[in-house]
Amino acid sequence: MGSCSPTAPALAELYGDHHGWLQQLLRQRLGCNEAAADLAQDAFLRLLMRPRRFDSFNGARAYLSRMAHGLCVDLWRRQSLEQAWRDALARQPADTAPSPEQGALILELLWEVDAMLARLPDRVAEAFLLSQLQGWRYREIAAHQGVSERSVRKYMARAMLHCALLEAGLEDAPA
Amino acid sequence: MNPGTHDAPTHAQLEQAAEWYARLGDGGATAGQQSRWRAWLEAAPGNRRAWQYVEQVGQRFAGVRSQGPAAHDALSRARATGVSRRRLLQSLGLAATAGPLAWTLLRDRSGTGGPAQWLTRQTAALSTGVGEIRQISLEDGSRLWLDTDTAADLEPGQTHRQLRLHAGRVMVDTGARPLQVATTHGTALPRGTRFTISHDARRSRVSVFEGRVDLLPAGTARPIRIATGSALAFDATGVGTVEMARLADDAWRHGQLVADHMPLGELVETLSRYRRGHLGVAPELADWPVMGVYPLTEGDRALHMLAEALPLRVVQRWPWWTTLEARAAR
């Protein structure tokens, strides 16, 4: 903390150069000042966590605008997950509803899992969820998807490898 | 610390771990498969680390699964309506550390833990691990039993000694000098006594088997007397009503779970405190009344006894994931 971080000045500079622009860009996309301010903040937080240098002003803007797009997609997806979760809860008996704090934690978990599986093909993700969350046997999944058990096993290995790579930090998010 | 501990496993090792997961994940692994898996696990430190990541992924999903069908429902629907398949994953970088923590919090809904208590447990002088029951004799002849996953510190005093119970459960058989036990919810002052006191994040509970205990709830000045054969739960806001002490509150120190018309759900919840990973019961089975004496610390033996006595089966999909389900085929 106290030591001089070589990236700190660079980030301050980036912030000065691009923060206003980025927030404006986000506001256009989201139509909401508050969300735009949050996401812009997020973007710079990410740069702080994973510093990166840009060789030009435009290079930085190109990167930030890709990141802004990603953040918006994130936000929308998160909102749709929240909505789906609320809908699913509404179909449950009221007395099983989690407390607000618990609900927030559960949502966070759902979000992480959803993000983990996001880049997998639908069939692979579906098979993995059926196995992990519903306890379906491979042959049941195979019958459901109209594929062989061997394929299901391959899906499982693929999904697990993907998740484990993310878990181990060996695979990175595309920027 | 071993410098190798933080080395990430190689891609190839993770690939093998994922292969093993896929091979064993459908249940019904043969003994041969299991021993080959173990051999692989032991073959290289990186293999073990790779497997740890597989387990971590499993735990994440176990956390979701324990939320019941609504969670799966929400995930599939959100995916189906997906905003974009090309969702960016940067958020995961930030969320990664929150994950296991969130899982811990959810898992500890029973109130037995949480990160703060976890930390206390690591530093307490007297502690037991999950599934461990320990007896300790003090120099004055007092005896202490520590139940599973318990943490306490002995604080010497001039006129009396005090045991600070951070989490878990102890039984005290008082010797020559009184040993009072304090939790965040209050202090139990024994009067020639054998008693049990348990403490979790929500409440504490005292059961008295010999003599009596004067209980001083936190923030009060007047003690409440608990007589032989009685039990009382209390928390930061007050005390409950006096109940009868249960045999189960005494038998645990012998490693026994005494069920006298205990709902299966409660029994499973109790057993789960003595083992790592998830132990659950299908909701339709949770109300079944169970009679009998079951071993608390002998791994799966209690589960097999249950499977013999009741029309249920033990489904162990993963080392960390066991459920009791109705025996009828799905």
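The values are calculated or read from the model by the stated rules, or taken from the named source; none is laboratory data. For clarity, every value in this text was computed on a predicted model and none was experimentally measured. We place every Cβ from the backbone using ideal geometry, glycine too, and count neighbours over all the protein chains shown. Side chains included, ligands, DNA and RNA excluded: accessible areas come from the protein's heavy atoms. Shrake-Rupley method; radii C 1.70, N 1.55, O 1.52, S 1.80 Å.
Observations on the model:
- Summed buried accessible area for B+A [probe radius 1.4 Å, Å², rounded to 100]: 6100
- Residues with amide H under 5 Å from that of B:Met262, placed H, sequence gap 5 or more: B:Val290
- Taking amide hydrogens as placed 1.01 Å from N in the peptide plane, the amide H of B:Ala245 sits under 5 Å from those of B:Ser230, B:Ala231, each at least 5 positions away in sequence or on another chain.
- Solvent-accessible area of segment A:16-175 (1.4 angstrom probe, protein heavy atoms only): carbon and sulfur portion equals 49 percent.
- Kirkwood hydrodynamic radius computed over segment B:128-246 comes to 14.0 Å, based on all pairs of distinct alpha carbons.
- Rg in Å to one decimal, and Dmax rounded to a whole Å, for segment A:119-167 via C-alpha atoms: 10.0, 30
- 3J(HN,Hα) from dihedral phi, segment B:208-214, Karplus parametrisation 6.51/-1.76/1.60, rounded to Hz, x for glycine, proline: 10, 10, 9, x, 8, 10, 9
- Overall Cα dimensions of chain A - principal axes, largest extent first, Å: 57, 39, 35
- ³J(HN,Hα), Karplus 6.51/-1.76/1.60, whole Hz, each residue of segment A:147-163, x for Gly, Pro: 10, 7, 4, 4, 5, 4, 4, 5, 4, 4, 4, 5, 5, 5, 4, 4, 5
- Percent RCO, i.e. relative contact order, over segment B:255-326, from Cα pairs under 8 Å lying at least 6 residues apart: 36
- Put a dot 7 Å past the Cα of A:Gln145, heading toward its Cβ, do the same for B:Ala8, and the two dots end up 2.7 nm apart.
- Our estimate of slack between A:Leu45 and A:Asp87, defined as 0.36 nm per intervening residue step minus the Cα-Cα distance, is 11.9 nm.
- Taking θ as phi - 60° and the Karplus parameters 6.51, -1.76 and 1.60, the scalar couplings of segment A:54-62 work out to 10, 8, 8, 4, 5, x, 5, 5, 4 Hz in sequence order, x denoting glycine and proline.
- Inter-label distance, nm, simple model (7 Å from Cα along the C-beta direction), A:Arg123/B:Ala251: 5.3
- From its DSSP helices (H runs of at least four residues, each -39,500 (n - 2.57)), chain A gives a residue-normalised ellipticity at 222 nm of -26000 deg cm²/dmol.
- Inverse mean reciprocal Cα-Cα distance (Kirkwood Rh) of segment B:238-330, Å: 13.9
- Solvent-accessible area of B:Met305 with every protein chain in place, 1.4 Å probe, in Å² to the nearest 10: 60
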